[in-house]
Amino acid sequence: MPLIHPTVHLLAWPDLVPSALSVTRAAAATRVTAFGRIETVAAGTLRHDFDPATGVYRGWLLEAARTNHVLFSSAMTDALWQTAAATVAAGSATAPDGAGAADRVTEDSATAIHTLYQEDLAFSAGQSYTLSIFARSAGRERLQLVLPSTAFGAVQSAVFDLTTGTVGFVEGTASPAIEALPDGWYRCAITATATTTVALAPIHFRLRDTGGSSTYAGDGTSGVHVWGAQVEDGAGATSFIATGATAVTRPADQVSLALGADAVNPREGSLLVCGTVPDGQSAVLAEVSDGSTANRIAVAFDTSGGGGADASVVTVGATVAALTQAGVSGGLESRCAVAYAADDFAQSVNGLAPATDTAGAVPSGLSTLTLGGGVGGAVGPRCWVRQVGLFPRRLPDADLQTVTL
């Protein structure tokens, strides 16, 4: 570590929140506990989040606003849910929240498509949507998530193995994802972009046989436990949003810290960020600004394509430095540090030799540190922030590599 100490050092630690942080979220939201359970957290409360499979602490969970359009998201016995060649039994297993009861979808003995579905969902052309559900095998090992051809040009689907936690057959251009939870539960998700605007279209959760077929002779006893269905606007599944008779919106997390004059050197400095972004997504993890978009320094992680970290410096409304380095992987924690002084900018990611820029002025009036987005609004659906440091000096390139190892 460098001998130069940060004037601001935020370190996420389970159940501890720096008192100086301003935390705003207008409604309750969910997180994953150290035991892998889904837990509801009160409005205006920072969420400490853990990996559901390993229990590893991931840091502060920060998300953009999302709406769950599926009604009665965990009550599959409600009349809005329908079945074909299957039945639904209420409360047959402990749900992923450890408190509620999950329903069981059981196939009948017909040779048919055995499915649970909900109709009357609306989709808009050009908008990405993510369909997700928590599922556990109850004799039937495979589950297929299906988005409708009427809205997506062709059927978009993926088949998930609920014993191995893997993705099998993928139909269309759907992007699948699966995440393990305790007690044999998995969260399965697919993302696709609608091509046609429709007001009424169905989503399906289909049982599949061991050969992978959607049409098969059921045995009348096998099935799947299900809980927490969700359709949200945007790429990638975010934290679970429970619904009843109406759709529910989780407001965005807004987290910031007012910076005093003793925290910011107006001539030079360095910003260190440690955090995680899910695979195939991008998010601004931290930004120092004057409270507007005209003067700011931001660090973003982009895990789509090759994956990388992007540091941008904006002075009087103009981007004077845009530094990009590869080496950031989706779902894995990375460290990035950006150093700035007049005509002297550098960025290092995970100990790599710095990328540099040698022209540009330092933005003035920096007074606010924002986490999980910037003053221009949240970027990307979600991220986890575990550490942020603001240094009063432009750290030497060698030190940038050291602090990001």
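One table, with the values for the structure above:
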| item | result |
| --- | --- |
| Test for Ala322: is it part of a strand (DSSP E or B), assigned by TED's automatic domain parsing to the domain that holds Gly260 and crowded, with 17+ Cβ neighbours inside 10 Å | no |
| Identity of the residue in the stretch 194-241, β-branched (Val, Ile, Thr) and either modelled with pLDDT under 95 or under 24 Å from the mean Cα position of the chain (by Cα) (or both), that ends up surrounded by the fewest Cβ atoms within 10 Å (Cβ to Cβ) | Thr210 |
| Per-region count, the stretch 346-375, residues out of contact with any Gly (no Cβ under 9 Å at 6 or more places or on another chain), on the phi < 0 side of the Ramachandran plot and in a loop (DSSP other than H, G, I, E, B) | 7 |
| Residues satisfying the stated conditions in the stretch 35-61, i.e. aliphatic (A, V, I, L, M), within 15 Å of Ala12 (Cβ to Cβ) and either surrounded by 14 or more Cβ atoms within 10 Å (Cβ to Cβ) or in contact with a helix residue (DSSP H, G or I) (Cβ under 8 Å, 6 or more places away or on another chain) (or both) | Val41, Leu46, Leu61 |
| Residue satisfying all of: in the stretch 94-112; surrounded by 19 or more Cβ atoms within 10 Å (Cβ to Cβ) and not basic (Lys, Arg); nearest to Ile38 (Cα to Cα) among these | Asp97 |
| Within the stretch 345-368, considering residues that are hydrophobic (A, V, I, L, M, F, W, C) and crowded, with 18+ Cβ neighbours inside 10 Å, the one farthest from the chain's Cα centre (by Cα) | Val362 |
| Matching option when the condition is charged (D, E, K, R) and farther than 13 Å from Ile178 by Cβ, among Arg136, Arg140 | Arg140 |
| The stretch 373-386 - residue that is surrounded by fewer than 20 Cβ atoms within 10 Å (Cβ to Cβ) and over 16 Å from Val23 (Cα atoms) and, of those, modelled with the highest pLDDT | Gly376 |
| Only listed residue being out of contact with any His (no Cβ under 9 Å at 6 or more places or on another chain) and assigned to a loop (DSSP other than H, G, I, E, B), chosen from Ser329, Ser312 | Ser329 |
| Thr87 being surrounded by fewer than 17 Cβ atoms within 10 Å (Cβ to Cβ), in the same structural domain as Leu131 (by TED's automatic domain parsing), assigned to a loop (DSSP other than H, G, I, E, B) and free of Cβ contacts under 8 Å to residues at least 60 places away in the same chain | no |
| Output for the stretch 184-239, where each listed residue is hydrophobic (A, V, I, L, M, F, W, C) and over 19 Å from Leu143 (Cβ atoms) | Ala194, Val198, Ala199, Leu200, Ala201, Ala235 |
| The stretch 110-123 residues that are within 18 Å of Arg142 (Cα to Cα), paired with ones that are of a type in the set (A, V, I, L, M, F, W, C) and not in a strand (DSSP E or B) (beta carbon under 9 Å, 6 or more apart) | Ala110/Ala85; Thr111/Ala85; Ala112/Ala85; Ile113/Ala85; His114/Ala85; Thr115/Ala85; Leu116/Met76 |
| Hits in the stretch 206-262 - residues which are under 21 Å from Arg25 (Cβ atoms) and without any contact (Cβ under 8 Å) to a residue 60 or more places away in the chain | none |
| Any hit, the stretch 3-14, residues being touching a residue at least 12 places away in the same chain (Cβ under 8 Å) and within 23 Å of Asp233 (Cβ to Cβ) | no |
| Residue list for the stretch 2-27, restricted to those being within 18 Å of Ala42 (Cβ to Cβ), surrounded by 15 or more Cβ atoms within 10 Å (Cβ to Cβ) and of a type outside the set (A, V, I, L, M) | Arg25 |
| Out of Thr191, Thr173, Thr150, sole residue that is at pLDDT 95 or above and surrounded by 21 or more Cβ atoms within 10 Å (Cβ to Cβ) | Thr191 |
| Glu63 within 23 Å of Arg250 (Cα to Cα) and out of contact with any Pro (no Cβ under 8 Å at 6 or more places or on another chain) | no |
| Conditions (1) over 30 Å from Trp13 (Cβ atoms); (2) free of Cβ contacts under 8 Å to residues at least 12 places away in the same chain: number failed by Val362 | (2) |
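The values are calculated or read from the model by the stated rules, or taken from the named source; none is laboratory data. Just so we're clear, the structure is a prediction, and the values are computed from it rather than from any experiment. Cβ sites come from the backbone with ideal geometry, for glycine too, and all protein chains shown count toward neighbours.
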